[in-house]
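Okay, structure first, notes after.
The values are calculated or read from the model by the stated rules, or taken from the named source; none is laboratory data. No experiment lies behind these values; they were computed from the predicted model shown. Protein only, heavy atoms only, side chains kept; ligands, DNA and RNA dropped before computing areas. Shrake-Rupley method; radii C 1.70, N 1.55, O 1.52, S 1.80 Å.
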Amino acid sequence: MRLLVLGGTEFVGRAVVEEALARGWAVTVLNRGRHPVPDGVTALRGDRTGGAAGLAALRGASEADGGGWDAVVDTWSGAPSAVRDAAGLLAGHAERYAYVSSCSVYPLPGPPGQDEAAAVVAASPDAAATDYAADKRGGELAALAAFGADRALLVRAGLILGPYENIGRLPWWLTRVARGGDVLAPGPRDLGLQYVDARDLAAWTLDALAAGRSGPYNLVGPPGVTTTGALLDACVAATGSGARLCWTEPHVIEAAGVEPWTELPVWLPPGPLYDSLHRLDVSKALTAGLRCRPVAETVRDTWRWLEGLGGAAPQRPDRPAPGLDPEREAAVLAAR
């Protein structure tokens, strides 16, 4: 398989590139050159925010190669117009186009058990960047407009964790637990979580492209694939710290004004928003071969990657760094 990855050096894009290389695929990436690419990859330089000029290298490579690519993977999360421009250029030079979208395209809050037939937010493929949900839906529409419903694969990812994470959720928990002491652990301990390891997302996406799949798929582990307790226990085990998890009821955390999801990454208290993000129907993806590795493996490998970086994870400049201030954490623990 000849694969083109738009991006390919960070988080999900990096996982896709490494998975494709492991399969022996011929991989080309297009990016701005700010991060090194893995050995064995053909690197093209371009800037998707630069219009036609920013895609010149892509146009030249597709024309020089003649046949183009068997598949494209696009992880873009900005202006839908950038997806429109790239997909439009590639429609005659690639067989299939996988756009890594998001379950955020479903309006929040939504009922538990939403599948791919649920209503989605309004968006335009020609829009500039607005908000994350509309941007992702607009990207979907752009991919569909260029490749059609039979050649466009819409990978609606849920919460993504794993090595190379540049959002800061699991890295924050790991560095906090590694620091030791009493850790504010948001309950209930047995609250089910729904997430996908970036490497499992990558493997499923490449399998789906090779199999000629198209259309939308909710791509995240099944509800309750792990629990808050199992995730944080794995952080303690992976770091080998002497941290003590202090389980705290949701009402105590909320009364203290601590923000779920942002100040305490991954966690949401039971309620409508939790139902929307941690109780999605993923039966379609499971039937199509999705396999999820144990949470302990995701946590362990993410910690090993962090250690290799000296403990400081990269952070996307367009996303606020998550996490709870130590003084606020101590105040909540003291008030339990």
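Some values worked out for this structure:
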item: Other-chain or far-sequence residues with amide H under 5 Å of Glu263's (modelled H); result: Gly323
item: Share antiparallel - DSSP beta bridges, the chain, percent rounded to 5; result: 5
item: J(HN,Hα) series, the range 101-113, from Karplus relation 6.51 cos²θ - 1.76 cosθ + 1.60, nearest Hz, glycine and proline x; result: 9, 7, 5, 5, 5, 7, x, 10, x, x, x, x, x
item: Rounded Å value of the spacing that divides the Cα centres of the range 268-336 and the range 152-174; result: 8
item: Backbone HN-Hα couplings from phi across the range 266-276 [Karplus 6.51/-1.76/1.60, Hz, Gly and Pro as x]; result: 6, 7, 9, x, x, x, x, 5, 4, 4, 5
item: Residues with amide H under 5 Å from that of Leu280, placed H, sequence gap 5 or more; result: Gly113
item: Amide H within-cut-off set for Arg32, under 5 Å, with H built and near neighbours excluded; result: Gly46
item: Relative pair counts by distance (%), Cα atoms of the chain, 20 Å bins; result: 31, 57, 12, 0
item: Largest to smallest accessible area among His35, His251, His278, His93 [probe 1.4 Å]; result: His251, His35, His93, His278
